[in-house]
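This report concerns only the one structure given below.
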Amino acid sequence: MSENAQVKIFVLPGGRLPKRMTSGSVGFDARIRAVVSPTETDPANPNLRKTLFDFRVWPEDPLVERHVHVKQAEEGNQLMYRMEPNERVLVGVGFLTQMQFPMFYWVLPRSGLASKYGILVSNAPGTVDPDYRGEAGVIVDNRNQHSFDLFLGMRIAQIVFMPASIPELVVVESVEGLEETRRGSGGFGSTGIR
């Protein structure tokens, strides 16, 4: 992949362009656009998941509404989505991409959210393929015994663009067709921790 590779990005209404926060970062921070349905598509746009809560309009669904509250912020009142302890929600990151094959991006957690707040990205790494034209979703998992508030534009994950290697798969007739190694089939910590 060349250093000047281009990725076309369409920013959805309410979404924000992913952004590298420092010149030495390889990850682009992705922000919350909306809480979305893990199972239903948007009736008006089948390329998107159904929006359950957009942080702008009070939700009509009582199951979603019970999580919403108003918080005083510097900019004025702000609608928040309060995650309960051990709750998991899916959020949309607000943009669609077009990448040249075989480029892809991974959706990854932000270390500060995990270490300071116990907020994990459950589908990490989440692979977004170059032929996908929908909004990437981030499964946010509150691993705490206390609630946690999500808000519009919160930096919830990071994305890292990478080239993929697409190998030719060669089928061998038996395990003897695979070269032996010193490690063999050892896995799951078989090499120890020291």
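The values are calculated or read from the model by the stated rules, or taken from the named source; none is laboratory data. Since the structure is predicted, the reported quantities are computational estimates derived from the model, not experimental observations. So basically every Cβ, Gly included, is an ideal-geometry build from the backbone, and we count neighbours across all protein chains shown.
Quick notes
- Of all residue pairs spaced 6 or more apart or on separate chains, those with beta-carbon atoms under 6 Å, a first member in the range 17-39 that is under 14 Å from residue 109 (Cα atoms) and a second member that is charged (D, E, K, R) and part of a loop (DSSP other than H, G, I, E, B) are 28/20; 31/16.
- Candidates 124, 157 - the one that is of a type in the set (A, V, I, L, M, F, W, C) and not in a strand (DSSP E or B): 124
- Scanning the range 120-150 for residues that are touching a residue at least 60 places away in the same chain (Cβ under 8 Å) and small (Gly, Ala, Ser) turns up 134, 136, 137, 147.
- Once the range 15-49 is narrowed to residues that are in contact with an Asp or Glu (Cβ under 7 Å, 6 or more places away or on another chain) and assigned to a loop (DSSP other than H, G, I, E, B), the residue that is farthest from residue 155 (Cα to Cα) is 48.
- Selected residue [part of a strand (DSSP E or B), more than 30 Å from residue 8 (Cα to Cα) and aliphatic (A, V, I, L, M)] from 96, 79: 79
- Residue that is modelled with the highest pLDDT, among those in the range 1-16 that are of a type outside the set (S, T, N, Q) and exposed (fewer than 10 other Cβ atoms within 10 Å of the Cβ): 8
- Residue match in the range 178-187 (condition: within 29 Å of the chain's Cα centre (by Cα), at pLDDT below 95 and part of a loop (DSSP other than H, G, I, E, B)): yes
- Cβ-Cβ contacts under 9 Å between residues 6 or more apart (or on different chains), taken from a first residue in the range 151-175 that is without any contact (Cβ under 8 Å) to a residue 12 or more places away in the chain to a second residue that is of a type in the set (A, V, I, L, M), are listed as 172/178.
- Contacts under 9 angstrom Cβ, first residue in the range 73-96 being among the polar types (S, T, N, Q), partner outside any loop (DSSP other than H, G, I, E, B), 6 or more apart: 77/70; 77/71; 78/70; 78/71; 78/72; 78/151; 86/141; 86/142
- Residue in the range 41-50 that is without any contact (Cβ under 8 Å) to a residue 12 or more places away in the chain, exposed (fewer than 11 other Cβ atoms within 10 Å of the Cβ), over 22 Å from residue 128 (Cα atoms) and out of contact with any strand residue (DSSP E or B) (no Cβ under 9 Å at 6 or more places or on another chain) present: yes
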